[in-house]
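I have placed the structure first, in the form of structure tokens, so that the comments after it can refer back to it.
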Amino acid sequence: MKNFTQAEIRHIEDVYQDLLKDLRGKFDEGRIDRIERAFRFSNAAHDGIKRKSGEPFIIHPIAVARIVAVDLGLGATSIVSALLHDVVEDTEYRLSDIENMFGERVARIVDGLTKLSGDFDSRHALTLKKMLMTLSDDVRVILIKIADRLHNMRTLDSMKPHQKIKIAGETLFLYVPLAHRLGLHAIKSELEELSFKHKHPEEYEQIHLMLHNQEQKRNYLVNQFIKPIEEKLKQEYFECTVSHRLKTSFSIWRKMQKKSVTFSEIYDILAIRIIIKSKPNISEKRQCFDVLSIVTDIYKPKPDRIRDWITTPKANGYESLHVTVMGPEGHWVEVQIRTDRMDDIAEHGFAAHYRYKDIRTFENELDPWIEQIRELLQANDSDAFEFLDDFKLNLYATEINVFTPKGDMISLPQGSTVIDFAYEIHTDVGNKCIGAKINMKLVPLSHVLQNGDQVEILTSENQVPKPEWLKFTVTAKARGKIKNFFKLEKNKHIELGKQTIEEAFLVEKEPLTSNNLKKLIAHYNLNNKEQLYSEVGMGFIELKDVKKIIGVKSESKLVKYWNITFGGGNKKKADEEESGEKIDRKKTFVLKENQDNITFSLAKCCNPIPGDPVVGYLGSDDHATIHKIGCPELAKFLANQGDKIVKAEWTKFKRQSYLTRLNLEGFDRLGIVNEVTNVISKGHNINMRSVKFDTHDGIFKGDLFLYIHSADDLQQLIARLKTIKGIENITRVENLDE
Ligand code: MN
């Protein structure tokens, strides 16, 4: 230790001794000795290196080891690995050194952790794929990785603002769902809170302030509510702690966002938790139900709101009994009832199972899940982001158990439909599925399965997957298979379309130039060549009048001009610019339609129209996808691939119109439909594709698909529609799926 001051060396020693204090008594001398060796080695390897905060780097691995030992309750091998986790990544030492000194198991875990590192690298979706592959080898790698992330989040303050936002975004995106799936409730909540704090500091402060302001009143209400329960429990000789649990500020905020409500409109900020010190010789389930009956003797339960996670625990191991009752002030209050063992598992998930020597049953539960991941990774060659989306669906799902006709049990996420079940059995069964018999009754593909259903799949040789199936598939497996099917189909169509176009040009004796193709693209209102090929290939476009279309003078068919500035984005581009001819980088770099370097298409997720604020996401081959700023899909890219975002601006737009969807809502009255259609048809530059009106109990709803030229035109139209009596709400709907 040559490169630190005496004070720093003392500080390191203190922090390490604190860790040892937590370990003594839990581990024998031999294990403590291994941990000691790992610390000394790691300390020497990281000698003189500091973190951004100015602290010696070694403080970080020690802190991670402590989370691994205390919060996760893992063993000596994991603690040793945690102490060594950044050695290969950040110092001269190699994996073989680790293997020689600490054995093969530790080396394998450190290797997994090294491969998953690179906090600022832009391929996070791929990282997740890798992560899941490692997960199926050794769960400890993921657990240590989560501990690593937790400590990094706790010490995020010294990072630059944009790094904070990026790391926080990534944490919400990857680590929170994983922590959830592994049942690490306490860590998951802390990660969420820390991410929220750094991503939205103002909102975080606000919510904390509001929670603080309510504290007195809340405590009063809680005490009032709890008192009769506590008295009764005492009479019945139950030893319990009754406490209350606040929703985290993150989940309050999320609910405010999701449901567009204010802080004061959230009623379930509070839940009451009764933790029973379980008596021997009586089943834990019995005791919990006895307490439930005491509670519902005092407060009236909400019908259908008793959740029994004891008889069938959640997939991540959670056990508890939930009931919602009417509290004294006329608010519904959730009461959670569980034993101390169940509570430990609820808070610490995997780690608690470990403590209760229950690890084998938990791994048995985890096994099918890991098996699913493995299958998914093998089957799925779709792009990493799509995979991620599908996968995340399954991370959050609670499970139901259904049965095959032979009585085999299959676990599926809640909300799964017949089609999910079919793909779970076999890809061919899924592809050819036309419906099912459930408990002897005939049901359609979209039918949602219930716990305990016995499902017999019906197939037909003539069946093929349909795009709308994706609307009611839940499992990543089924979604992957269906998408795969379409990808293959799409490629076939593109090939076919390409041939058809080539032949058409041949017949007309016209040259197949990119300019001519662009005229076709503009004529049919498409975004790019690929779309043209596939629409032709699928037979949606009949190629007629090719001569006439490409005969149009190109000036009048000028469709789009783009400004694309590489504002601090794509590094490679910037370097090329510098090394090549001198270009003033401050000046806007203009790319016109017929300058072929950047092609673009409009993102399907948010369907921008000219005038909307937009940015581009630069994919391979300099192809940019244009998203609206504020598009949630884009947010994902921002979090993970910020370097691929390029500025984009509309400059000129002519002749091209864009499909846009509006939803109207209001009070029904005579003639309102007429007025709406009148306003639209009088509007310049607007064409209706379809309009659908619906009235129900005096509420009027309209779903409009319009062709519109620009955001200005749209704003004007909305303003005019708003003047119609009875119309209360007009929203632009970004999703164009009908
Ligand atoms: Mn680390």
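Per residue, how much accessible area does the range 170-261 have with a 1.4 Å probe, in Å²? Present the calculation step by step, with values, prior to reporting the outcome.
Working: 5030 Å² over 92 residues.
Per residue, the range 170-261 has an accessible area of 55 Å².
Could you please state how large a percent of the accessible area of the range 1-47 is carbon and sulfur, counting protein chains only and using a 1.4 Å probe?
Carbon-and-sulfur percentage of accessible area, whole number: 48.
For the range 142-298, would you read off the P(r) tail past 29 Å as a percentage of all alpha carbon pairs?
37
Running Debye on the range 396-459 with equal point scatterers at the Cα sites and no solvent, what base-10 log of I(q)/I(0) appears at q = 0.13, 0.17, 0.28 Å⁻¹?
Once normalised to I(0) and log-transformed, intensities are -0.27, -0.47, -1.32.
Over the Cα atoms of the range 251-315, each weighted equally, I'd like the Debye log10 I(q)/I(0) at q = 0.25 Å⁻¹, rounded to two decimals.
Taken in order of the listed q values, log10 I(q)/I(0) reads -1.14.
Whole number please: convex hull volume per residue, Cα atoms of the range 207-356, in Å³.
132
So for Glu456, Glu508, Glu104, what's the accessible-area order with a 1.4 Å probe, most first?
From most exposed to least exposed: Glu104, Glu456, Glu508.
Over the range 658-733, with the other protein chains present, what is the accessible area per residue in square angstrom, probe 1.4 angstrom?
Per residue, the range 658-733 has an accessible area of 56 Å².
Percentage of Cα-Cα pair distances in the range 6-197 greater than 32 Å, rounded to whole percent?
So the pairs more than 32 Å apart make up 9 percent of the total in the range 6-197.
Could you pull out the pairs from Lys441/Lys636; Lys477/Lys701; Lys199/Lys604; Lys492/Lys547 whose alpha carbons sit more than 31 Å apart here?
Numbers: Lys441/Lys636 43 Å; Lys477/Lys701 36 Å; Lys199/Lys604 27 Å; Lys492/Lys547 26 Å.
The pairs that break the limit, which is 31 Å between Cα atoms, are Lys441/Lys636; Lys477/Lys701.
Ignoring ligands, DNA and RNA, what percent of the 1.4 Å accessible area of the range 397-487 is carbon and sulfur? Please list the in-between numbers first.
Details: 2400 of 4430 Å².
Carbon and sulfur atoms account for 54 percent of the accessible area of the range 397-487.
For the range 495-553, report the % of Cα-Cα distances exceeding 17 Å.
Taking all Cα-Cα pairs of the range 495-553, the fraction more than 17 Å apart is 27 percent.
Checking the table Lys498/Lys519; Lys255/Lys285; Lys279/Lys302; Lys217/Lys247 against a 27 Å threshold on Cα-Cα, which pairs fail?
Violating the 27 Å Cα-Cα cut-off are Lys255/Lys285; Lys279/Lys302.
Using only the alpha carbons of the range 658-733, determine the length spanned along each of the three principal axes and report them from longest to shortest in whole angstroms.
That gives 35, 19, 17 Å along the principal axes, largest extent first.
The values are calculated or read from the model by the stated rules, or taken from the named source; none is laboratory data. A quick note: this is a predicted structure, and the numbers were derived from the prediction, not measured. The accessibility values were calculated without ligands, DNA or RNA, using every heavy atom of the protein model including side chains. Shrake-Rupley method; radii C 1.70, N 1.55, O 1.52, S 1.80 Å.
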